[in-house]
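Here the structure is laid out as structure tokens; the discussion comes afterwards.
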Amino acid sequence: MKGAVIHGARDVRYEERAEPKIVEPTDAILKLSATCICGSDLWPYRGISQTREPTPIGHEYCGIVEEVGSQVTSLRPGQFVIGSFFASDNTCPHCLAGYQTSCQHRQPVGGAQAPMLRVPLADGTLVATRDVPSAELVPSLLAASDVLGTGWFAADAANVKPGKTVVVVGDGAVGLLAVLSAAQMGAERIIAMSRHAPRQELARAFGATDIVSERDDAGIARIKELTRGIGADSVLECVGTQESMLQAIGAARPGGYVSYVGVPHGVELDGQNLFFRHVHLHGGPAPVRRYLPKLIELILARKIDPGKVFDLTLPLEQVAEGYRAMDERRAIKTLLRP
Ligand SMILES: [Zn+2]
């Protein structure tokens with residue numbers, strides 16, 4: 001089969017790869033219905049994280065079970081399933097506490113920008129739908145695999161509740177779906193920080209009530225102005241840079257909550273500043289598995305349409321163009337059809 005392989009900075013190739021096989025008896029092999037490019041794939045693409053050797057890339061997926069290992073009990077070939085970027089057993093103490101991305105037996109799922117994918121710990125990792133969903137729901141179900149689940153965790157970890165004032169820092173796909181998630185959780189006011197017109201429009205469609213285009217101190221000042229000098233109850237940091245983190249902490253009210261779900265790159269926090277800010281901090285790799293059943297239900301009931309974040313769809317063989325489009329911010333998120 002052919003799939004995406006990253007060779008180095010700005011060098012993603014569609015090339016021959018070994019077809020995945022059952023390695024452990026707990027594995028499943030999926031035939032992917034769709035896959036996509038993540039904002040976090042841009043870190044190695046831009047050379048900010050190093051690629052030491054050619055590596056199959058991609059970690060968002062949904063599709064049909066092709067084959068299962070001999071110890072897989074809850075899945076069978078032909079089922080439509082969704083999983084996330086860490087495989088988890090869903091039975092250990094960390095999984096039972098809802099932190100499947102810290103599973104004692106977690107394993108990364110990689111190389112998903114391909115027609116076929118091996119998923120370890122299939123029983124714990126994959127969630128099956130009752131029937132094979134209609135094709136137009138596939139983009140939204142794919143979004144649940146990472147960006148929606150991560151946006152949902154951002155809102156949950158920042159204690160979003162009915163009637164609260166929420167700020168979302170970051171207008172990438174995760175930030176936009178964090179807006180959707182906060183709206184679903186009943187936030188009264190959702191302030192999206194964005195300076196790009198098409199993303200502002202999508203943020204509004206997902207439930208943003210206000211847009212702030214200022215950044216840094218001016219951005220914090222504007223949030224304060226919009227909240228009568230108080231700050232936001234919940235701030236969802238969906239970028240992972242020093243600037244976005246400081247902006248998030250600065251926008252929260254004393255006693256407020258800041259979640260952070262963007263992989264941090266160069267973020268350093270000053271203990272004294274944190275001490276006197278009085279904020280709750282909670283973040284990390286989103287335990288998407290915790291939320292998958294609920295998110296799938298909302299999508300199948302057509303209550304949410306997170307698939308709208310995909311503003312570019314390409315055949316998998318054009319994966320390199322998909323990366324370029326996201327790198328140059330011509331696309332919010334690229335869906336790839338194997
Ligand atoms: Zn576990």
Is the stretch 13-34 home to any residue that is within 20 Å of T150 (Cβ to Cβ), outside any strand (DSSP E or B) and of a type in the set (A, V, I, L, M, F, W, C)? no
Hits in the stretch 115-124 - residues which are under 20 Å from E297 (Cα atoms) and in a strand (DSSP E or B): none
Of the listed residues (A158, A183, A187), the one being surrounded by fewer than 24 Cβ atoms within 10 Å (Cβ to Cβ) and at pLDDT 95 or above is A183
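For (1) among the hydroxyl-bearing types (S, T, Y); (2) on the phi > 0 side of the Ramachandran plot, each residue gets a yes or a no:
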position	(1), (2)
A183	no, no
G231	no, yes
C238	no, no
L246	no, no
S259	yes, no
For the condition in contact (Cβ under 8 Å) with a residue 12 or more places away in the chain, over 20 Å from the mean Cα position of the chain (by Cα) and assigned to a helix (DSSP H, G or I), what is the one hit in E268, E321, E317? E317
If you go through the stretch 101-131 one residue at a time, how many are more than 14 Å from the ligand (Cβ to nearest atom) and touching a His at 6+ places or on another chain (Cβ under 7 Å)? 3
Could you grab me the full set of residues in the stretch 258-292 that are more than 30 Å from P44 (Cα to Cα) and crowded, with 16+ Cβ neighbours inside 10 Å? R277, V279
In the set S134, S213, the lone residue that is free of Cβ contacts under 8 Å to residues at least 12 places away in the same chain, of a type outside the set (A, V, I, L, M) and surrounded by fewer than 24 Cβ atoms within 10 Å (Cβ to Cβ) is S134
List pairs: first residue in the stretch 90-114 and more than 17 Å from T26 (Cα to Cα) and in a helix (DSSP H, G or I), second residue of a type in the set (S, T, Y) and more than 6 Å from the ligand (Cβ to nearest atom) anywhere in the structure, Cβ distance under 6 angstrom, at least six positions apart or on different chains. H94/S102
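Being more than 16 Å from the ligand (Cβ to nearest atom), in contact (Cβ under 8 Å) with a residue 12 or more places away in the chain, within 26 Å of L312 (Cα to Cα) and among the β-branched types (V, I, T) is the requirement here; does V166 meet it?
no
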Of all residues being hydroxyl-bearing (S, T, Y) and within 20 Å of the chain's Cα centre (by Cα) in the stretch 83-100, which is nearest to the ligand (Cβ to nearest atom)? Just the residue, please. S88
Can you pull out every residue in the stretch 295-314 that is assigned to a helix (DSSP H, G or I) and free of Cβ contacts under 8 Å to residues at least 40 places away in the same chain? E297
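The values are calculated or read from the model by the stated rules, or taken from the named source; none is laboratory data. Because the structure is predicted, anything quoted here is derived from the model rather than measured. In this analysis, Cβ positions are derived from the backbone assuming ideal geometry, glycine residues included, and neighbour counts consider all displayed protein chains.
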